[in-house]
1. Once each part is reduced to its C-alpha centroid, what is the distance from the stretch 1-61 to the stretch 404-465 in angstrom?
2. Using a 1.4 Å probe, what is the accessible area per residue for the chain, in Å²?
3. Multiply the residue gap between ARG219 and LYS238 by 0.36 nm, knock off their C-alpha separation, and tell me the result in nm, one decimal place.
4. How large is the dipole of the chain about the Cα centre if only Lys and Arg carry +1 and Asp and Glu carry -1, each at its Cβ, rounded to the nearest 20 debye?
5. Can you compute the helix-only [θ] at 222 nm over the chain? Use -39500 (n - 2.57) per DSSP H run of at least 4 residues, normalise by all residues, nearest 500 deg cm²/dmol.
6. Where the centroid of each part is defined by its Cα atoms, how far is the stretch 348-382 from the stretch 195-230 in Å?
7. What is the distance in Å between the Cα centroid of the stretch 123-153 and that of the stretch 472-490?
8. Can you send over the carbon and sulfur percentage of the accessible area for the stretch 353-445, probe radius 1.4 Å, protein chains only?
Amino acid sequence: MGRIVIDPITRIEGHLKIEVDVEGGRVRDAKSSGLLFRGMEIILKGRDPRDAQRITTRICGVCPTSHSIASALCLDSAFGIADKIPENGKILRNLIFGAALASDHILHFYHLAALDYVDITGIVEYKGNDPILNSLKDFTRRKNLYPFLPRYEGDYRLPKDINLELISHYIKAFEMRRKGQELSAIFGGKLPHDVGIIPGGVTTTVTVDKMTAFLGRLRELRDFVNTVYLPDVIELAKVYKDYLDIGAGPRRLLSYGGFDLEVSETDLTRRKRLFTPGNFDGKYEPLSLDGIVEHVRYSWYKGEARHFSEGETIPEPKKDGAYSWVKAPRYKGEVYQVGPLARVMVSYAAGVEAVREIVDKALKELGVTQDKVFSVMGRHLMRAIETKVVVDAMEGWVMELKPGEKCWYEHEVPDEGEGVGIHDAARGALLHYIKIKDKKIEKYQCVVPTTWNASPRDGDGRCGAIEEALIGSPVRDEGNPFEVVRIVRSFDPCLACAVHVACGGKVGKLKV
């Protein structure tokens, strides 16, 4: 048996270490380790509750808007104003987050994951007139193909014309990501850490000029998603069809839903959303927050398995047997997978027609059955499908805005309160919890998507979702384990979120 240690996994956010034991060309065991400690919950104690809105967005620079939405929903709940959000405020939150999500998914596919399949070295042989490809060819000639090398070798099989097309789209995607960031900034104030989303709604005003600026950019982004991004993912899946059988992970899916369609319902588990809250374990079931427990047996924290509302963040870096700063959330005692796959397929199982139509069409084009979505390519496909669903919906939302009307509900901070904010970030189920006492934060806890997916074993010894996806997977060459990184990257891990300001002794000295 051989052991492969990849530390760190590159082209993800944060520091993730993966260890796998390989025997007979298959992964027999796996460990997923988050190797930074961050104490956001500790930082928030004793502060004004409204500080949470600004501080938690700093958990991550890739997906700050997700935390902004979750924190706003959490504070709406604690302040007793969850059903008081003006219609403009509800729509604007959806538009700000939708643009950020589309930008994030485009980033993941083209700039983080696609280089596992697209042979960038093919650019040196290009002899055409495409200005994008020629500029990249000139760049790689001068830089000797860096930063694209070094890389894992051995399984680049795209036909030459498709490979070159995807290289061109790799460059085009930078522009589309910028469009998405601009869209978020129009109503969110700035990026990456928006200042527009607050408890009670959004601080901006709606004008015809802003709506026009938003709509023009949105149509460019939507066209890219519908005519380039989704077709590219389907084309890649056709060539790498074996990756529809690799890296399934747990077939249990959890989603908090996303994009509020109404706010009259204060119980977020029952609120009508574009993506339906719930879980899937062979069939759709409504969501219950009572079932969420965080384990720490193999995490560097003191304590025991607790419901999130009773959770603690007490580091214990020398804990015997622990191997990760990531906690291990479980739902109703089971390991669940979160993310675009979960979000789309929970809504599919709940009967959301717009989702079912697109999923069925894509699976038919690939010539595969629904069970194939539990895979590396399934996660990429569901991420692209979700992006299409969101950008298609956004155009209608823009037209529902009412210039000049209120976007924010005025409120006061209560002496005491308790609140939960749940919605699905780009990477999956995101929960913020707050307890207020004497107008200050007594407790704040975050249970984030990568905590679910990249968790270590729990108190019962059950592997996390990424670990489970790795076990049993093929490894053709132990010295070149491209299968391992492809599986991990398909989850789009974000370790900054999962480990929740690094601390410790002096780690270095620099003289300038």
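The values are calculated or read from the model by the stated rules, or taken from the named source; none is laboratory data. All values reported here derive from a predicted model rather than from experimental measurement. Ideal geometry is used to build each Cβ from the backbone, glycine not excepted, and the neighbour counts take in all protein chains shown. For accessibility, only protein heavy atoms count, side chains too; no ligands or nucleic acids. Shrake-Rupley method; radii C 1.70, N 1.55, O 1.52, S 1.80 Å.
1. So the separation of the two Cα centres works out to 18 Å.
2. Result: 39 Å² of accessible area for each residue.
3. 4.1 nm
4. Value, rounded to 20: 1220 debye.
5. When only DSSP H runs of four or more count, the value is -11500 deg cm²/dmol.
6. The stretch 348-382 and the stretch 195-230 have Cα centres separated by 27 Å.
7. Spelled out, the Cα-based centre of one part sits 25 Å from the other.
8. 48
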